[in-house]
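Let me begin by presenting the structure, written as structure tokens, before commenting on it.
The values are calculated or read from the model by the stated rules, or taken from the named source; none is laboratory data. Quantities reported herein were computed from a predicted structural model and do not represent experimental measurements. Every residue, glycine as well, gets a Cβ built from its backbone with ideal geometry; the counts of neighbours run over all protein chains shown.
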Amino acid sequence: MLEAAGLTSHYGRIPALKGIDVRIEPRELVALVGANGAGKTTLLRALSGVQRVSAGRVRFEGADITGAPPDARVRLGIAQVPEGRQVFGPLSVEDNLLLGAYVRPLREARAALGRVYELFPVLAERRGSAAGMLSGGQQQMLAIGRALMAGPRLLLLDEPSMGLAPRLVSEIFVAIRRLREAGATIFMVDQNARAALAIADRGYVLETGRIVLAGTGAELAANEAVKRAYLGL
């Protein structure tokens, strides 16, 4: 579905990505793990078109989208859930969700709204509340739901469990697992490497802008270097 080859990106003169090669097959959940500052968020932003790339190519469903702007990528079927949730605080839950469907006809948006409320019942209960009044976990559900409203074929998740209590982390990962089981294609970054690899079909390990390891989720979870560096074992 998606392939990045030789992807390089800079912040000024500082290289953040150094020749990244990744691929994501349809209906896969692929996890990206690495330390803070390794370039994980930069890679997701490069794939969604928010971060400019200085070299390399990105192909989505066979088409070269390297130069495509973010809104064009949303229309093609790529949606990103940003780090830190970034909901529109003064707007209602439902208005936040409907904003995520700006590329779709209203009839499709209403149908998508029902599916999001089915996945996250608490959002249906709080649909009229200001998004800024939700708990952190509810805001994360809202951010995921907002991305799903675009009807993506590829969902990019950036740190979905960041800053959440353990119980809420479990709820978020249950929801992600349900999306995967329903056939969604997901590329996920999360500091909770143990939980991410536990549900991933495949994974990559990123260090200082380079992919240093790749394998199935189970293989990476069992790798001694990964266990020492990211799993606390």
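Numbers for the structure displayed
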read-out: Output for segment 193-225, where each listed residue is buried (at least 21 other Cβ atoms within 10 Å of the Cβ) and outside any strand (DSSP E or B); value: Ala193, Ala196, Leu197, Ala200, Gly209, Leu220, Ala221
read-out: Positions within segment 149-180 being in a helix (DSSP H, G or I) and either among the hydrophobic types (A, V, I, L, M, F, W, C) or under 22 Å from Phe60 (Cα atoms) (or both), in sequence order; value: Leu168, Val169, Ile172, Phe173, Val174, Ala175, Ile176, Leu179, Arg180
read-out: Top-ranked residue in segment 58-95 [being aliphatic (A, V, I, L, M) and in a loop (DSSP other than H, G, I, E, B); ranked as nearest to Arg153 (Cα to Cα)]; value: Ile65
read-out: So Ser9, is it more than 25 Å from Thr216 (Cβ to Cβ) and buried (at least 20 other Cβ atoms within 10 Å of the Cβ); value: yes
read-out: Conditions (1) assigned to a helix (DSSP H, G or I); (2) within 21 Å of the chain's Cα centre (by Cα): number failed by Glu108; value: (2)
read-out: Flag if Leu98 is out of contact with any Phe, Trp or Tyr (no Cβ under 7 Å at 6 or more places or on another chain), within 24 Å of Gly217 (Cα to Cα), outside any loop (DSSP other than H, G, I, E, B) and of a type outside the set (Val, Ile, Thr); value: no
read-out: Every residue from segment 26-38 that is at pLDDT 95 or above and in contact with a Ser or Thr (Cβ under 9 Å, 6 or more places away or on another chain); value: Pro26, Arg27, Glu28, Leu29, Val30
read-out: Residues within segment 122-148 that are farther than 27 Å from Ala193 by Cα and either not in a helix (DSSP H, G or I) or not aliphatic (A, V, I, L, M) (or both), tallied; value: 7
read-out: Boolean, Ala175 is more than 25 Å from Ala46 (Cα to Cα), buried (at least 23 other Cβ atoms within 10 Å of the Cβ), in contact (Cβ under 8 Å) with a residue 40 or more places away in the chain and not acidic (Asp, Glu); value: no
read-out: Residue count for segment 19-47, restricted to those that are in a strand (DSSP E or B) and either closer than 16 Å to Val58 by Cβ or under 12 Å from the mean Cα position of the chain (by Cα) (or both); value: 10
read-out: Failed item, numbered, when Gly132 is tested on (1) within 21 Å of the chain's Cα centre (by Cα); (2) farther than 21 Å from Ala31 by Cβ; (3) touching a residue at least 40 places away in the same chain (Cβ under 8 Å); value: (1)
read-out: Meets criteria (surrounded by 15 or more Cβ atoms within 10 Å (Cβ to Cβ), at pLDDT below 95, among the hydrophobic types (A, V, I, L, M, F, W, C) and outside any helix (DSSP H, G or I)) for Val103; value: yes
